[in-house]
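The values are calculated or read from the model by the stated rules, or taken from the named source; none is laboratory data. Computed from a prediction, not measured in an experiment: that's the story for all the values here. Backbone-built Cβ (ideal geometry, glycine too); neighbour counts: all protein chains shown.
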Amino acid sequence: MTALTIDGVTVSFDGTAAVDDVSLGLEPGEVLGILGPSGSGKSTLLRSIAGLERLDAGRIAWHGDDITAVPVHRRGFALMFQDGQLFPHRTVAQNIAYPLRIARTPSHARVAELLALVGLAGFGDRRVTELSGGEQQRVALARSLAAEPRLLLLDEPLSSLDRELRERLAGDLRRILDETGTTAVFVTHDQDEAFAVSDRVAVMIGGRVRQTGTPAEVWRRPASAEIARFLGYTTVLGGDAARLVRPRSDGAIALRAAALVVTHGGPVAATVVRSTPSVDGWRVRLAVPGIGELDGIAGAQHPVSAGEAVTVRFDDAGIAELS
Amino acid sequence: MQTRNKSLAGAGILLAVGLAVSSCASDAAPGATPDKLVLVTHDSFNLSEGTLEKFTDETGIEVEVQASGDAGQLVNSLVLTKDSPLGDVVFGIDNTFASRAVNEGVLADYASKDLTDAEEQYLLPAGSGREQLTPIDNGDVCVNVDHEWFAEAGIDEPATLDDLLKPEYKDLFVTPAANSSSPGLAFLLATIAAFGDGTADGDGWQGYWSKLVDNGVKIDAGWSDAYYVDFSGPSSDGDRPLVVSYASSPPAEVTEGATEAPTGALLDTCFRQTEYAGVIAGTENQAAAEKLVDFLFSTTVQNDIPENMYVFPVNVEATLPETWAQFAAIADDPFVVAPDEIDANRESWLSEWAAIATP
Amino acid sequence: MTSRVRVRPAPGTILAIVLGAGVPVAFVGVFFAWPVAAMVGRGLFVDGALDLTGFGEVLARPRTLRLIGLTIGQAALASVVCVVLGLPIAHVLYRLRFRGQRMLRALVVLPFVLPTVVVGVAFRTLLREGGLLGSLQLDGTFAAIMLALVFFNVAVVVRTVGTTWEGLDKRQEEAARVLGASPVRVWLTVTLPRLAPAITSAASIVFLFCSTAFGVVLVLGGTKFGTIETEIYLLTTQFLDLRGASVLSVTQLVVVVLVLLVAARARGRRTAQRRVDSARSGRVPRLGDLPAIVVTVAVAGFLALPIVALLLRSLRTADGWGLGNYLALGTTGSRNALVVPVWVALGNSLAIAVQATALALVVGLAASLVISRRPRSLGLRRSLAGFDAVLMLPLGVSAVTVGFGFLITLNTPPFDLRSSPVLVPIAQALVALPLVVRTILPVLTGIDGRMRESAAVLGSPPWRVLRDVDLAIVGRPVLAASGFAFAVALGEFGATSFLSRPDRPTLPVVIFRLIGLPGGDNFGMAIAASVVLAAVTVAVIALVERLRVGTMGAF
């Protein structure tokens, strides 16, 4: 049966709805990612699930029981913030042990276990203020897991970390959630993160859920141009232009830069408008006759300059059909 | 049950109980012979250890002393608490405030039965306190003079109030202000008694003060700074050898073994300042309170007064300590102003004085 | 669609809030508001009817208007001077790091807690003709009062602004410097706006203290300068003109409330700025700091002068230089000046101050916890702000009014506390309470709400969140506040002199008594006792400084 049911939830502040009639379901053991730009209401939704925001309408149920009126500290959920919010006056071990003490089951072994799980074995006696950002987030995660929550809520947990750390931690997070079988809801504005960690993704824009599905589904078939743009598709084409790129399509398509690759002897001719170096080569702006200006990429071995005439091919990996 | 609530509630109950118990303890049991009398006085009250205990030995009643600020605050406290008296006996009402106390009805009718004709000079006029107040001590306020300074300078010392106006004493006199200091007020009253009413540019005390100001008198806020900062006496570094202080100040400056006093009092400039004791109206222990008033007038206390309160006893049978007998003098004919006159004119006198002396 | 659902707070929470707010309200209500209202009422209610003609009459007197103008003028000027001098000193003492810094911080606060009567005498000794600074001819002038007011209050600015400045993130200034702004420009356009709330807060506190200053004005202003406070004293004690005194008390209250509103506005703007760990901040002094250092040294010298004068005077005995006066502290003074030896009085002072501090801490902590909540409704938020202001009022009302007020209100059993020894620590606690709140409250309001939420989500019921987050974080500041409250209680004189029992005098009361008696040895003892009082205070504050690591607010 569905673990978490969010049914018609609306939360308003000063008359405007931050969360507007949202309904979602979550299976036990599933990780749901809520993806959206800032101001989309995703954090508010997460806080409502935790019980920190009052609902103006709708209900929230856990395994069928209505928990809308249950106070925060009794829901048995855990919430992890973007900046950890560790207790500065306690050590790492004391922070992690906090929920254990509340439940009256203090256990050194459990703390050590959790520290090992998040890759911080031996850090128990360190002062929280001495840790780096990534380390703090891991301690926060360990603390949340120590509470043995029925549901783990994560509010942009990796946003404050640098790229490399973020990628690594996202992988770790996925692994830990799988190993522990935790049901989780995870909020972010970064699609790489969402896709790396979640089983299912809900895209939220302007307080409403616009699309749900597995990451692959959402990725391949964004429900609207707005969603496509949020996901990083830079251009949306319709009608003839779309058919030029993908002859079989009968609706709109969305393209990212990776859709157009500059190559020798490609089927389509184009002119380079401008090019900027990037990590993997070049990012180019191409003028394609019959379509207009599109973004594209060129490999590092294929330097291009403005005004040059080149040929390009279309790569399916960068093309999505709007449903 | 939440821990914080428990401890808070507990503290609250403890506080209330504590307050109730402490207030209960201070209530004297009503009845013919109480175990305790409350003596309300000002914060200059002081007697040697064991003196008040002698009263307890004689009567079996303990005396609890409650201080209430200075003399002015004392009287005001009594007036404000007329409906629920602060205690049984009051000591420390002086002649400048006596009328206020009498007119407000804070005193019961009792003057010590041990008073004799010899103390007549200290008694208040009939109808203005004679029946309610017993004189206990007398601390005349006089101009003090630094003998050593004058000896060194080779100038004659002044003797009277008029002398203070002479040019040779320009910038040599300091006095505390009349509106913020009790000796200051006493000095003002002395001038009022001496010169009577007048105008600022004419005669009377107002004229006197104008001339005094022209002659460079310094007016300080309190006795402490006049005596310890501006006076040139042995205890301070000031440069003015004439200061308004008490007739009992010179003996205090005498060091052990000295044969002469470095300072003295000008006896023609003194204002009589007497302190009285009385029974507080509304007390439940009238008979016991009367005994305490008598005790204060007895030689037991009177002999103890000079060394502890720096004032002279009024009881003619009291004996003065040696230094006092040698170096202290009491004025024969000090200036006096009737207490009810003081009460009636206090405000106008002080504001007139302020206009002239502190423009 | 279901209607708005409310998560109801547990009944225990409501009880805790009521108690938490109730204790301070009761304390301030019974021991402050009631006596003051009673005294003012006595003056304004003639024969049972409200008689406001007094306002017209008293306020129209030229003397009254002059006094009001003088009060406000002198307080405003002193506030400005304190801010101008206090800022560079705050910079040196709280932004730089050097040896002896902690000691200097303690010394700067010292004048604040010295008894005014002693300071008055010390200043006059320096300023009178023939004194060390006699050639400046400042005796009895407005400038002398200014000097004394600055002497007492510059510490307020230094401490308030300093502790805020210390914890500010430097990166905004660094960003501006990188953009090309000169140090002066950076200071004017970046630093100053960020410090503005603290500066305004400090300035209004100083204004409050100065406008109700009593002893200083009386002693140094001589008779030419008075304030509303000295006038109230005069009217009450000399003339028992309760009507006039009440009118002036109400006027004083109005002025005070206005100032508090301004201060509250300034404080309200202080949102959670990024704080850094103050223990690690602080840089080595550079050449550019020279002007600030010069000012600090000059002002420190100025502050030290009267204290050194006192010290020197205390070492002068009848037989020349020596410790005779200190040794005499074990006696009751020559000719039985005192009831108990001075050391006993010191013991009394310490004991009473401990009680007063405990009381101020309990009430202050409860009040701060309540005021730091952020309720949703505007009405509740406004009441909390009002409550905050009410707690500050004891600083702005004449001690005479409160003292007499005690007499006429606390006189019915079981509340006949007039002769009870518990009244002295209560009066001292009333004065220390605002300072405690001003120290603890900023720390509480600076706690990130999400930390409380984290604890709640992890399973802590509301009372536990309070204990594990709020109370844990406020632990160090409470220690700091207690040290300061203790020092203030130790030196408190106005209310204590009214209420203290003659057999249990406190040290300031004893000093006052000794200074009021003729005889050089008593005077010497008084000065020696003052030095002891000052030394004990410095020790207490220095101790507190050691524990102060990481606090955020002062006033």
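With respect to A:R54, determine if the residue is without any contact (Cβ under 8 Å) to a residue 60 or more places away in the chain, surrounded by fewer than 22 Cβ atoms within 10 Å (Cβ to Cβ) and assigned to a strand (DSSP E or B).
So A:R54 fails the test.
With the condition kept exactly as written, say whether any residue in the range C:167-189 is assigned to a helix (DSSP H, G or I), surrounded by 23 or more Cβ atoms within 10 Å (Cβ to Cβ) and either more than 14 Å from chain B (Cβ to nearest Cβ) or of a type in the set (V, I, T) (or both).
no
Determine which member of the set C:D470, C:D448 is closer than 24 Å to C:V390 by Cα and touching a residue at least 24 places away in the same chain (Cβ under 8 Å).
Answer to the check: C:D470.
Restricting to the range B:40-60, give me the number of residues that are more than 10 Å from chain C (Cβ to nearest Cβ) and of a type outside the set (D, E, K, R).
7
Looking at the range B:205-220, is at least one residue under 30 Å from B:E322 (Cα atoms), buried (at least 16 other Cβ atoms within 10 Å of the Cβ), more than 8 Å from chain C (Cβ to nearest Cβ) and not β-branched (V, I, T)?
No, that holds for no residue.
If you check every pair at least six apart or on different chains, which have Cβ atoms under 6 Å apart with a residue in the range C:309-321 that is within 16 Å of C:L127 (Cα to Cα) first and a residue that is at pLDDT below 80 second?
C:A309/C:A122; C:A309/C:T125; C:A309/C:L126; C:L310/C:A122
Here is a check on your reading of the model: is B:V106 modelled with pLDDT of 90 or more, under 24 Å from B:A338 (Cβ atoms), more than 10 Å from chain C (Cβ to nearest Cβ) and crowded, with 23+ Cβ neighbours inside 10 Å?
Here the answer is yes, as B:V106 does meet what is asked.
Of these, C:G524, C:G516, which one is within 16 Å of C:R316 (Cα to Cα), within 12 Å of another protein chain (Cβ to nearest Cβ) and either among the small types (G, A, S) or in contact with a Lys or Arg (Cβ under 9 Å, 6 or more places away or on another chain) (or both)?
Answer to the selection: C:G524.
Read through the list (1) under 14 Å from C:V40 (Cβ atoms); (2) within 20 Å of the chain's Cα centre (by Cα), then give the number of the only condition that C:L218 fails.
Unmet for C:L218, out of (1) under 14 Å from C:V40 (Cβ atoms); (2) within 20 Å of the chain's Cα centre (by Cα): (1).
Within the range B:264-276, identify whether any single residue is crowded, with 18+ Cβ neighbours inside 10 Å and more than 24 Å from B:V145 (Cβ to Cβ), and answer yes or no.
Yes; the residues of the range B:264-276 include at least one that is crowded, with 18+ Cβ neighbours inside 10 Å and more than 24 Å from B:V145 (Cβ to Cβ).
Just checking, how many residues over the range C:495-518 are in a loop (DSSP other than H, G, I, E, B), of a type in the set (G, A, S) and surrounded by 22 or more Cβ atoms within 10 Å (Cβ to Cβ)?
Here the count works out to 1.
What helices (runs of 4 or more DSSP H) completely inside the range C:395-482 contain at least 3 residues that are crowded, with 22+ Cβ neighbours inside 10 Å and away from chain A (no Cβ under 14 Å)?
Where helices (runs of 4 or more DSSP H) fall fully within the range C:395-482 and carry at least 3 residues being crowded, with 22+ Cβ neighbours inside 10 Å and away from chain A (no Cβ under 14 Å), they are C:399-409, C:423-445.
Of the numbered conditions (1) surrounded by 14 or more Cβ atoms within 10 Å (Cβ to Cβ); (2) part of a loop (DSSP other than H, G, I, E, B); (3) aliphatic (A, V, I, L, M), A:A121 fails exactly one; give the number of that condition.
Only one criterion in (1) surrounded by 14 or more Cβ atoms within 10 Å (Cβ to Cβ); (2) part of a loop (DSSP other than H, G, I, E, B); (3) aliphatic (A, V, I, L, M) is unmet by A:A121, namely (1).
Could you grab me the full set of residues in the range A:95-153 that are among the polar types (S, T, N, Q) and within 30 Å of the chain's Cα centre (by Cα)?
Scanning the range A:95-153 gives A:N95, A:T129, A:S132, A:Q136, A:Q137, A:S144.
Kindly indicate whether B:L350 is at pLDDT 90 or above and buried (at least 18 other Cβ atoms within 10 Å of the Cβ).
Criteria not met by B:L350.
Filter the range A:59-82 down to the residues that are in contact (Cβ under 8 Å) with a residue 24 or more places away in the chain and facing chain C (nearest Cβ under 7 Å), then identify the one that is nearest to A:V9 (Cα to Cα).
A:R59
Could you list all residues from the range B:174-196 that are surrounded by fewer than 24 Cβ atoms within 10 Å (Cβ to Cβ) and assigned to a strand (DSSP E or B)?
none
Would you be able to tell me the number of residues in the range A:21-51 that are surrounded by fewer than 18 Cβ atoms within 10 Å (Cβ to Cβ) and at negative phi?
Within the range A:21-51, residues that are surrounded by fewer than 18 Cβ atoms within 10 Å (Cβ to Cβ) and at negative phi number 6.
Quick grid of which residues meet (1) of a type in the set (A, V, I, L, M, F, W, C); (2) in contact (Cβ under 8 Å) with a residue 40 or more places away in the chain; (3) more than 17 Å from B:G139 (Cα to Cα):
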| residue | (1), (2), (3) |
| --- | --- |
| B:N285 | no, yes, yes |
| B:D294 | no, yes, yes |
| B:T299 | no, no, yes |
| B:N303 | no, no, no |
| B:E322 | no, no, yes |
| B:S348 | no, no, yes |
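Within the range C:338-392, count every residue that is basic (K, R) and part of a helix (DSSP H, G or I).
The total comes to 2.
Please specify each residue of the range A:83-99 satisfying the condition of being outside any helix (DSSP H, G or I) and more than 10 Å from chain C (Cβ to nearest Cβ).
Listed by number, the list holds a single entry, A:T91.
State the number of residues belonging to the range B:61-73 that are over 8 Å from B:V40 (Cα atoms), within 11 Å of chain C (Cβ to nearest Cβ) and without any contact (Cβ under 8 Å) to a residue 40 or more places away in the chain.
3
Before we move on, is C:R159 within 14 Å of chain B (Cβ to nearest Cβ), in a helix (DSSP H, G or I), of a type in the set (D, E, K, R) and crowded, with 22+ Cβ neighbours inside 10 Å?
So C:R159 does not fit the description; no.
Would the range C:111-134 turn up any residue that is charged (D, E, K, R), out of contact with any His (no Cβ under 9 Å at 6 or more places or on another chain) and crowded, with 22+ Cβ neighbours inside 10 Å?
yes
Given the range B:235-339, what helices (runs of 4 or more DSSP H) lie entirely inside it while holding 2 or more residues that are more than 11 Å from every other protein chain (Cβ to nearest Cβ), touching a strand residue (DSSP E or B) at 6+ places or on another chain (Cβ under 9 Å) and more than 22 Å from B:A118 (Cβ to Cβ)?
Here the list reads B:286-297.
So which of B:D88, B:D94, B:D114 is of a type in the set (D, E) and away from every other protein chain (no Cβ under 14 Å)?
Testing whether each residue is of a type in the set (D, E) and away from every other protein chain (no Cβ under 14 Å) leaves just B:D114.
How do the helices (runs of 4 or more DSSP H) wholly within the range A:210-250 filter down when requiring 1 or more residues that are under 25 Å from A:D199 (Cα atoms): which remain?
Fully inside the range A:210-250 and qualifying: A:215-220, A:225-230.
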